[in-house]
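Take a look at the structure set out below.
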């Protein structure tokens, strides 16, 4: 199948290290600096997908084992710029999920909105094969679920809010287990007699 989906080692029969070494030799550069590192990163991206790229420092270490001379000042600067770009990308990715960093408990409407955003982000990351991003949002969802579980057990808060937190924890559990089915599940859940009896008159903002 054509496209930009990630190709792994088993699909290509080539390791990322082999791509690094092959591209370095193709460039014919005795030493390694910014230009060479960028070209090698591009080669890895083309072979395995744009989200499977080694850091400049790790590429330099691998090639040093092959006998490459390292232009250390350039490598340090290139690696620092790359990591800053990665941090900026991560911040942009998660900017729509700012509710996660609130100390206040999620309410139903907020939880539903959050899960829609998470699912949209999950599908986008899955399409491009960003396994690191997928792991990241899963960890975030687990943390939010645990916070809801903890609040559901907190006897110092209102019983109605504890029930709501328990329900939201259940939503997050279902999304984590079967994200593709969550949209259908939540519709059925909200129409169920149990949900209607417990929460119909407890509308949350």
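The values are calculated or read from the model by the stated rules, or taken from the named source; none is laboratory data. Being a predicted model, the structure only gives us computed values, none of them experimental. Counting neighbours? That spans all protein chains shown, and the Cβs are built from the backbone with ideal geometry, glycine included.
At pLDDT 80 or above, crowded, with 16+ Cβ neighbours inside 10 Å, in a helix (DSSP H, G or I) and not assigned by TED's automatic domain parsing to the domain that holds residue 147, is that true of residue 76?
Numbers: at pLDDT 80 or above: yes; crowded, with 16+ Cβ neighbours inside 10 Å: no; in a helix (DSSP H, G or I): yes; not assigned by TED's automatic domain parsing to the domain that holds residue 147: yes.
No: the conditions fail for residue 76.
For the list (1) at pLDDT below 90; (2) assigned to a helix (DSSP H, G or I), I need the number of the one condition that residue 105 fails.
All conditions are met except number (2).
If only one of 172, 188 is assigned to a helix (DSSP H, G or I), exposed (fewer than 12 other Cβ atoms within 10 Å of the Cβ) and at pLDDT 90 or above, which one is it?
Details: 172 fails: exposed (fewer than 12 other Cβ atoms within 10 Å of the Cβ).
Going through 172, 188 in turn, the sole match is 188.
Tell me, yes or no, whether region 138-161 has at least one residue that is under 30 Å from residue 46 (Cβ atoms) and free of Cβ contacts under 8 Å to residues at least 24 places away in the same chain.
yes
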